[in-house]
1. Report the gain in length on full extension from S73 to D45: 0.36 nm times residue separation, minus Cα-Cα distance, nm rounded to one decimal.
2. Would you give the gap between the C-alpha center of region 120-181 and the C-alpha center of region 223-239, rounded to a whole Å?
3. How far, in degrees from 0 to 90, does helix 151-163 lean away from the longest principal axis of the Cα atoms of the chain, to the nearest 10?
4. Would you work out the charge dipole size for region 1-125 about its Cα centre, treating the Cβ of every Lys and Arg as +1 and the Cβ of every Asp and Glu as -1, and quote it to the nearest 20 debye?
5. If I model a spin label as a point 7 Å beyond the Cα along the Cα-Cβ vector, how far apart are those points for N208 and N137 in nm?
6. Can you tell me the FRET efficiency between S193 and T120 if r is taken as the Cβ-Cβ distance and R0 is 22 Å, rounded to the nearest 0.05?
7. Assuming 0.36 nm per residue, please report the length gained on full extension of the stretch S16 to M1 beyond their Cα-Cα distance.
8. With labels modelled as points extended 7 Å from the Cα through the Cβ direction, what inter-label distance (nm, one decimal) is found for E235 paired with T104?
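Read the figures in this text as sums done on the coordinates, not as results from a lab. What you see is a predicted model; the values in this text were computed from it and never measured. Positions of Cβ are backbone-derived with ideal geometry, glycine not excepted, and every protein chain shown enters the neighbour counts.
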Amino acid sequence: MKVINNIKDLIAWRDSINLDSSLGLVPTMGALHLGHESLIKKSTDENLNTIVSIFVNPTQFGPNEDLDKYPKSIESDLKKCENLGVNAVFLPDSKEMYKNENLTRIYAPSDMSYVLEGFTRPFHFSGVLEIVLRLFNLTRPTNAYFGQKDAQQLLIIKKMVNDFFIPINIVPCPIIRDTDGLAFSSRNVYLNSEQRKIALNIPQTIKNMESSFKSGERNANNLLKIGLDSLKDIEVEYLIACDYALKKIDIITPNQSLILLTARVGGTRLLDNLWL
Ligand code: AMP
């Protein structure tokens, strides 16, 4: 497995791959867990070559967010990638990715990026697109793998690919959960054991809404009420039902709808969702 720290070597590595063999890209911010590993496994299953990027992207963090204390575990991340059969890991620093200060900017579509996660983090999704587009252009993958866990991110990236006619297949990957049900997240390490217990309300709520949906409930407000009732002791930031353009909906249309939930436990924001 090749570990690449700069763009020059990345371009050389990309050029060394046979043009008609497939390449999967898995963009991450590191501190790899089983959620990330599921994306990597899917990529190594579906492509002849896989590249994982590990980069804590400063442009997607707001001024009071956890950029400086974002969890890091580079050594074990590299081991995990190697064990999973990854061909290359791209591990640049910020200067390498953002060479000067007067950069061309991208703006994520306002109706999708100033709502939900973007309501409290208005520049977050533009920052995500700025790094993802750079990674797409540098690696020119056949397939790029993103988790459904970050539903809004996935939908906005799909929109960019569509709007800019980017010839890359975006592969959505299901949410992977720990044995207690909590969706894996690099930020789960911020939870102490008491907070983790409280946080389990979140996957339980998702389960409750899912079983009601499976029993035939299609009224979005009824599903959200079930959700809110099970989230009594938790500080909910938002719980909404929407379509894939992130517009609120009253009726759930299967395969076109999702429920998004963000709650705070202690100082930690936890995201979960249900694709219906
Ligand atoms: P991150 O390192 O948080 O930027 O995540 C990198 C990729 O892993 C993103 O596409 C996430 O959606 C995905 N991911 C993170 N957690 C999970 C999870 N629990 N299940 C599936 N995918 C995940």
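1. 7.6 nm
2. What the calculation gives is 27 Å, centre to centre.
3. Here the helix axis deviates by roughly 50 degrees.
4. 120
5. 4.7
6. Working: r = 27 Å, r/R0 = 1.23.
Result of the calculation: an efficiency of 0.25.
7. 4.0 nm
8. Rounded to a tenth, the inter-label distance reads 4.1 nm.
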